[in-house]
Amino acid sequence: MINKIISPLMLLSALIMLIFIFSPVMQAQIIRCFACKEEIKGAYIIVDGNYYHAQHFVCKKCGKPIEGSYQKLLGDYYHPDCYESETAVKCAVCGQIITGEMITKDLKFYHPECYKKFIVPKCSVCLEPMEGEYKVDVYGNKFHAYHIGVLDQCEICGRIICSALTNGGRYYEDGRHICNLCYEKVEYNRQNIQDLLTKVIDKLNQMGIRLSKNNISVQVVDKNELKRISGMEKFNQLEGFCQSQGQTIYVNNTKKKTNFNHKIFVLSGLPSLNIEGILAHELMHTWAAENTPDNQPPDVREGSCNYISYQYLIYSSDPDVKYLLLGMEKNTDPVYGQGFQKIRNKFYGKPISALLDYLKSGN
C-alpha cells in the first residue's frame, strides 16, 4: 500500500472546484429602464448614466419621445423648442411669450397692451386707463384729475356726478347739483326731520350739553331762502342757521330770568346724516345763546359749534360720514375752518364739560 502525501496547494484547488460546482448558475447583468423600471431586452439609450427604453425618454413639456438633441432644466429633459417655450418670459395676464417690449411690475412681466387693459387702474368716471397723475376721493374712487372742474360734483358727498360713478344726478332749482346716490337718501318728510331734531337733542344731552325740547323748532328751506333769513347771501357753504330770541323777565327792576325760543333753519334736500350734523351745530348755538356771553369772537363761536357737530358725527358708521368729517378738517375758512381747528386742538381728548366751561367763562 502506497501512501500519497496531499499538499496544501492541491487541497485549495479542490476546494475551489467544489465551490464552483455547487454555486448557483451565474446570470448575465439585467438592465432596467430608469423611467418604467422594467427590464430592457432590446435597444436602449443612455442619458446621464441612466438607461431608458427609447420610447420612455420623453420631453417634460409635451410628453413625446426625445430623438436627437435635448435640453435639461432642474433634472427634467426637453425638446429644444419646448425648452425655449418653457424658459421664455411670459405675460402674467395672457400667459403668452413676450418677444418684444415688456412692462415689469411687482416681479411680474406684461405685454404693454395687457398691462394697460387689465393692470393699469381704471378711471371711475370715464372707465379709461389712468396713466400718470390721478385723484382719489374719500370713498376710494380713482379718476383723471382733468375731470375736476369739467364735470359737476355732488354738493352733499363730493363725488363727481356721472353715469358710471353715481348713476347720474339731479339739479335743484336753487342751483345745487346732487348725485343720485345721495338723492336716494334725501329726507323730505317733516315728521322724520322733527324726529331727527329730537334724536340729536337727546344725544347732546347725553354728552352734557343740556337742551330743552320745548323751546326749539326746525324748518327746512331752500338755499336762497336760507341766505335771505341768515343775511349771509355771499356764503355759498351755508347749510343751517339758528334764530334765538330771548325775553327777559324783571321783578322790581331786577332781572329774574330770560326765556328763549330758538328756530333752526336747515337746508332742504339733504340726507338724514347731513341733517343731523347741521342740527348738532345749530343746537350748540342755542346752548351758547342761553349760557355764554354775547361778545365771543366768531371763530370761537362757530369753531365750537363745528367741533360739537364733529364729536356727534365721529361715531357714525355711515360711510358718507368720512366726507363730512374731512370737510371740517380741511376747511380753510378763517371762521368755520380755522375756528374749528383752534377748538379741536385745544379740547380734543378732553371732556365736553371743559369746552363748555371755557365758553361760559368768555375767555
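The values are calculated or read from the model by the stated rules, or taken from the named source; none is laboratory data. Model, not experiment: these values are computed from the prediction. Quick reminder, even Gly has a Cβ in these numbers, built from the backbone with ideal geometry, and neighbours come from all protein chains shown.
Any idea how many residues of region 255-286 are at pLDDT below 95 and among the charged types (D, E, K, R)?
3
Inspect all residues belonging to region 215-225 and state whether any of them is of a type in the set (Gly, Ala, Ser) and closer than 30 Å to TYR139 by Cα.
Checked against the condition, which is being of a type in the set (Gly, Ala, Ser) and closer than 30 Å to TYR139 by Cα, region 215-225 yields no hits at all.
Could you pull out the residue among TYR78, TYR110, TYR134 that is in contact with a Cys (Cβ under 8 Å, 6 or more places away or on another chain) and closer than 28 Å to ASN274 by Cβ?
When all the criteria are applied, what remains is TYR134.
Specify which of the listed residues (ILE249, ILE201) is farther than 26 Å from ARG176 by Cβ, in the same structural domain as TYR315 (by TED's automatic domain parsing) and at pLDDT below 95.
Checking each option against the conditions leaves just ILE249.
Look at region 134-170 and say how many of its residues are crowded, with 22+ Cβ neighbours inside 10 Å and in contact (Cβ under 8 Å) with a residue 60 or more places away in the chain.
Result for region 134-170: 2.
Counting just the residues of region 330-347 that are over 13 Å from ARG301 (Cα atoms) and surrounded by 12 or more Cβ atoms within 10 Å (Cβ to Cβ), which one comes out nearest to the chain's Cα centre (by Cα)?
Top of the filtered list is ASN331.
Could you grab me the full set of residues in region 65-115 that are under 20 Å from ALA54 (Cβ atoms) and among the hydrophobic types (A, V, I, L, M, F, W, C)?
ILE66, CYS82 - these are the residues of region 65-115 that are under 20 Å from ALA54 (Cβ atoms) and among the hydrophobic types (A, V, I, L, M, F, W, C).
Go through region 88-133 and count every residue that is within 30 Å of HIS56 (Cα to Cα), in contact with a strand residue (DSSP E or B) (Cβ under 7 Å, 6 or more places away or on another chain) and either surrounded by fewer than 17 Cβ atoms within 10 Å (Cβ to Cβ) or acidic (Asp, Glu) (or both).
Going through region 88-133 one residue at a time, the tally reaches 4.
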